[in-house]
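Enquirer: Structure provided below as structure tokens; questions to follow.
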Amino acid sequence: MTVETEAPGRDAGLFPERLLAPTRMLAETQGAVAAAIEHKAVGPAGLDPATADLLLRLAKSADCGIRGVDIGEQCHMTATRVSRLVDRAEADGLVRRTPDPSDRRAQHVVLTEAGRDAAHRLAPLLTELLEELVFETLSQEERATLMGLLERLRDRARDLLTDQ
């Protein structure tokens, strides 16, 4: 593992490497993991990344359905992006909208039989990749440490969004 030093240049001190390196590594790791998932699981399952994420969330939810507003919160998407994503998945026959039983103003997005089939195509590919990528790379202790660290960073970032 190498640690980068300050890049030479007129404004090298403007963005201190000691502050940027951890965030850059997080972003590079997230990008590489996402690319591996797309290449080894999502693409071979015949899906695009956003649709695969939607199907995974729906398959794991109670009754295989989630309110549209909750999809936006979980995926950090605007209502417009969620609507477009659900429109595409609905046009592909993977999901359908139903009235939310607890709020007649809201809609519930649920898997169709084709959506369940697509989730079942994705599941073994994703499971195999994650076994190789995470479980063969990191020990149980390292995975626990990583989860704890990422949770702390996520929670702090969320706190900063709500600070006045």
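Enquirer: Please identify, among ALA34, ALA21, ALA50, the residue showing maximal mean-square fluctuation in a Gaussian network model of the chain using a 10 angstrom Cα cutoff.
Expert: So, out of ALA34, ALA21, ALA50, the one fluctuating most is ALA21.
Enquirer: For HIS108, which sequence-distant residues (separation of 5 or more, or a different chain) have an amide H within less than 5 Å of its own amide H, given hydrogens modelled in the peptide plane?
Expert: Under 5 Å from the amide H of HIS108: THR98, ASP100.
Enquirer: Quick one: length gained pulling ASP103 to CYS75 fully straight, 0.36 nm per residue minus the C-alpha distance?
Expert: Once the chain is fully extended between ASP103 and CYS75, it gains 8.0 nm.
Enquirer: Just the number please: accessible area per residue for the chain, 1.4 Å probe, all protein chains included, in Å².
Expert: It amounts to 73 Å² per residue over the chain.
Enquirer: Still on this structure, I have one more. Give me the net charge for the shell around LYS40: Cβ to Cβ below 9 angstrom, other residues only, Lys and Arg +1, Asp and Glu -1.
Expert: -3
Enquirer: Near GLU136, within a Cβ-to-Cβ distance under 13 Å, what is the net charge of the other residues, with Lys and Arg +1 and Asp and Glu -1?
Expert: -3
Enquirer: In whole Å, what are the extents of the chain along the principal axes defined by its C-alpha atoms, from largest to smallest?
Expert: 57, 43, 32
Enquirer: Mind jotting down a quarter of the surface of the convex hull over the alpha carbons of region 48-93, in square nanometres, one decimal?
Expert: Average of the hull's projected areas for region 48-93 equals 3.0 nm².
Enquirer: Separate question: Which percent of the accessible heavy-atom area of the chain goes to carbon and sulfur, probe 1.4 angstrom?
Expert: 56
Enquirer: Something else: Under a plain spin-label model, where a point goes 7 Å from the Cα along Cα-to-Cβ, how far apart in nm are LEU149 and GLU132?
Expert: Each label point lies 7 Å from its Cα, and together they span 2.5 nm.
Enquirer: Can you work out the base-10 log of I(q)/I(0) for region 92-139 at q = 0.24 1/Å, using the Debye formula on its C-alpha atoms alone?
Expert: Debye intensities relative to I(0), on a log10 scale: -0.81.
Enquirer: May I pose another question? Dividing the Cα convex hull volume of region 38-121 by residue count, how many Å³ per residue is that?
Expert: Spread over its residues, the Cα hull of region 38-121 gives 88 Å³ apiece.
The values are calculated or read from the model by the stated rules, or taken from the named source; none is laboratory data. Model, not experiment: these values are computed from the prediction. Methodologically, a virtual Cβ is constructed for each residue, glycine included, from the backbone with ideal geometry; neighbour enumeration extends over all protein chains shown. Accessible surface is based on the protein model in full, side chains and every heavy atom, while ligands, DNA and RNA are left aside. Shrake-Rupley method; radii C 1.70, N 1.55, O 1.52, S 1.80 Å.
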